[in-house]
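Each remark here refers to the structure printed beneath this line.
Please treat every number below as a calculation from the coordinates, not as lab data. These numbers were taken from a predicted model, which means no experiment stands behind them. Neighbour counts run over all protein chains shown; Cβ positions are idealised from the backbone, glycine included.
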Amino acid sequence: MDTREYDGHVEPGGPSATRLCSTLTIRKASVGGMDNNAYLLTCRVSGAQLLIDAAADAPRLLELVREGSSTARLDTIVTTHSHHDHVGALAAMVGATGARTAAGAEDAPDIRIPTTTLLRHGDVVRVGVNDLEVIALRGHTPGSVALLWRGEEDGDHLFTGDSLFPGGVGATQGDSERFQQLLDDVEERIFDRLGDDTWVYPGHGDDTTLGEERPQLPEWRERGW
């Protein structure tokens, strides 16, 4: 296990970053040519495991799974949205582990691997004793979802896919209606509900916090992207 203090930074081909919480271990790895982040959540009580975004490089993702379970146990794979760079290793990972699949209901038809569980805003996905709240963030894709773990003394942890990054929301291809929808959802469903110390785990690149991003919201709306 990498014993560095967790700072949310990982390199393609490099070691995982690991954060130990009371009932959950969070591991982050970078895979593929687009520096996609994959997150493995391991319940420290039951051993259940959930992977967020089987993006690319199935051998590396299987290695990540084994970091949490010597038997390569993987119960669920959640796909945050249907874009190709977030599903490149999905078929291989399902085939290797038998994991269930989950994705936003509106995005599921665009994912070539059948989706076991269709996710909607307000649903709950369980990882052992841990509940992950599904937050729909419409705009980057129609069915993009974020997952929120409220860790009590461990704080709030938010996995945002490509809907929220350091410095802005996800790309909407210049479509002003999609941008307004996404920023509205991000403001109302995330910033209006959660505190500044909420840790944000995005689909690419380094992590951030809501407190770091909150002052920029008016600027994002003004610039339109």
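Using the crude model of +1 on Lys and Arg Cβ and -1 on Asp and Glu Cβ, and no other charge, please compute the dipole size for the stretch 116-225 relative to its Cα centre, in debye to 20. Could you put the intermediate results ahead of the total?
On the way: 10 positive and 23 negative charges, 96 e Å.
Rounded to the nearest 20 debye, it is 460 debye.
Compute the relative contact order of the chain as a whole-number percentage, counting only Cα pairs closer than 8 Å that sit 6 or more residues apart in sequence.
On the way: 521 pairs, mean separation 32.7, N = 225.
Across the chain, relative contact order equals 15 percent.
Placing one identical point scatterer on every Cα of the stretch 152-198 and ignoring solvent, what is log10 I(q)/I(0) from the Debye formula at q = 0.18, 0.19, 0.28 Å⁻¹? Values, matching the q order: -0.59, -0.64, -1.14. In whole angstrom, the stretch 104-179 maps to an equivalent ellipsoid with semi-axes of 23, 18, 9, each derived as √(5λ) from the alpha carbon gyration tensor and ordered largest first.
Looking at the square roots a ≥ b ≥ c of the eigenvalues of the Cα gyration tensor of the stretch 4-69, which shape do they give, rounded for a/c under 1.5, prolate if a/b is larger than b/c, or oblate? It is oblate, given that a/c is not under 1.5 and a/b is not larger than b/c.
Size of the stretch 99-225 from its Cα atoms: along the principal axes, largest to smallest, the extents are 41, 38, 24 Å. Each listed q (0.12, 0.15, 0.20 Å⁻¹) maps to a log10 I(q)/I(0) for the stretch 83-139, found by the Debye formula over equal Cα scatterers with no solvent: -0.31, -0.48, -0.84.
The packing ranking of peptides 202-214, 61-73, highest mean first, is 202-214, 61-73, where packing means the average number of other beta carbon atoms within 10 angstrom of each residue.
Can you tell me what percent of all Cα-Cα pairs in the chain are more than 21 Å apart?
Values: 12743 of 25200 pairs.
The calculated P(r) of the chain puts 51 percent of pairs beyond 21 Å.
Going by how many other beta carbons lie within 10 Å of each one, how would you line up Met93, Met34, fewest first?
On the way: Met93 24, Met34 16.
Ascending number of Cβ neighbours within 10 Å: Met34, Met93.
Database remark: amide H of Leu119 closer than 5 angstrom to the amide H of Ala103, Gly104, Ala105 (H placed geometrically; neighbours at sequence offset of 5 or more, or on other chains; Pro and chain starts carry no H).
For the stretch 1-119, the direction-averaged projected area of the alpha-carbon convex hull comes to 7.0 nm². Averaging 1/r over every pair of different alpha carbons in the stretch 159-225 and inverting the result gives a Kirkwood radius of 11.9 Å. The ranking of Thr117, Thr97 by Cβ neighbour count inside 10 Å, starting from the fewest, reads Thr117, Thr97.
Arrange the peptides 22-33, 78-89 so that the one whose residues have, on average, the most other Cβ atoms within 10 Å appears first.
In descending order of packing, they fall as 78-89, 22-33.
Ranking of Val145, Val124 by neighbouring Cβ atoms within 10 Å, starting from the fewest: Val124, Val145.
Rounded to the nearest 10 degrees, the inclination of helix 58-68 to the longest alpha-carbon principal axis of the chain is 70 degrees.
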